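The values are calculated or read from the model by the stated rules, or taken from the named source; none is laboratory data. All values derive from a computational prediction rather than experimental measurement. Note that each Cβ is placed from the backbone with ideal geometry, even for glycine, and that neighbours are counted across all protein chains shown.
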Amino acid sequence: MDHSTSKSCTHANHDDKSLLHWTQWQLLDSVLPTGGFAHSFGLESALQSNLIKQPEDLKPFIIQVLDNTGSLLLPFVHTLNKSPDTETWTRLDNLLEATLTNEIARKASATQGSALLRVAASVFREITELKLIRERFIGSGLVFFHHACVFGREDGSTRIYIYDHERCSFGSYQTECGRANCSFSFAT
């Protein structure tokens, strides 16, 4: 057996895994230009309408946002992380379309999901499936490209561990809440 060949194959495989691991973290990065993690989750509106008047009002608001997001969107992400196949994706994306009754939230979710798929398919060429998905479904009317569904499918396609995604999601909420707390402190 030629050990130099097996060694180079192992090295190439290791490099592929390292690249994929790096890609996974980039997909989770809040500065990826998709808008998926860049909004305040209603915090700005709550401050403007005086639902949050003092720092003590922030904790119940955060708990409510985490509760709502965790119960509505994370099950979609989790399921698609475990089963990133086309049939599951189209079924869940259509279910989320029907579940999001607020038109603004529904459009925002689809816009952010489309942006995430567009950016990921063009930037992360090592995940060839993303480009194929985009080409097959864009303009087909079969899916709406909701952010949670696209994100879950990408996670599953890249084998991101669901724990990393959930930690990142909750981390983005903590970041927004931390910014709000600083802003609130300066405003009082």
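Applying the criterion of being over 16 Å from residue 109 (Cα atoms) and surrounded by 15 or more Cβ atoms within 10 Å (Cβ to Cβ) to the residues of segment 41-56, the residue that is farthest from the chain's Cα centre (by Cα) is 52. Look at (1) more than 20 Å from residue 26 (Cα to Cα); (2) at pLDDT 90 or above; (3) of a type in the set (A, V, I, L, M) and you find that residue 77 fails only one, number (1). Against the numbered list (1) without any contact (Cβ under 8 Å) to a residue 24 or more places away in the chain; (2) closer than 25 Å to residue 139 by Cα; (3) surrounded by fewer than 18 Cβ atoms within 10 Å (Cβ to Cβ), residue 59 comes up short only at (2). Taken together, the residues in segment 61-101 that are outside any helix (DSSP H, G or I) and over 24 Å from residue 43 (Cα atoms) amount to 3. Here 184, 144, 137 are screened, and the one residue that is among the aromatic types (Phe, Trp, Tyr) and modelled with pLDDT under 85 is 184.
Okay, residues lined up against (1) surrounded by fewer than 22 Cβ atoms within 10 Å (Cβ to Cβ); (2) out of contact with any Gly (no Cβ under 7 Å at 6 or more places or on another chain); (3) among the acidic types (Asp, Glu):
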site	(1), (2), (3)
91	yes, yes, no
103	yes, yes, yes
120	no, yes, no
143	no, yes, no
157	yes, yes, no
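Do the conditions hold for residue 179, that is, is it part of a helix (DSSP H, G or I) and modelled with pLDDT of 75 or more? Considered against the rule, which asks whether it is part of a helix (DSSP H, G or I) and modelled with pLDDT of 75 or more, residue 179 comes out as no.
Of all residues in segment 123-137, those that are exposed (fewer than 15 other Cβ atoms within 10 Å of the Cβ) and part of a loop (DSSP other than H, G, I, E, B) total 2.
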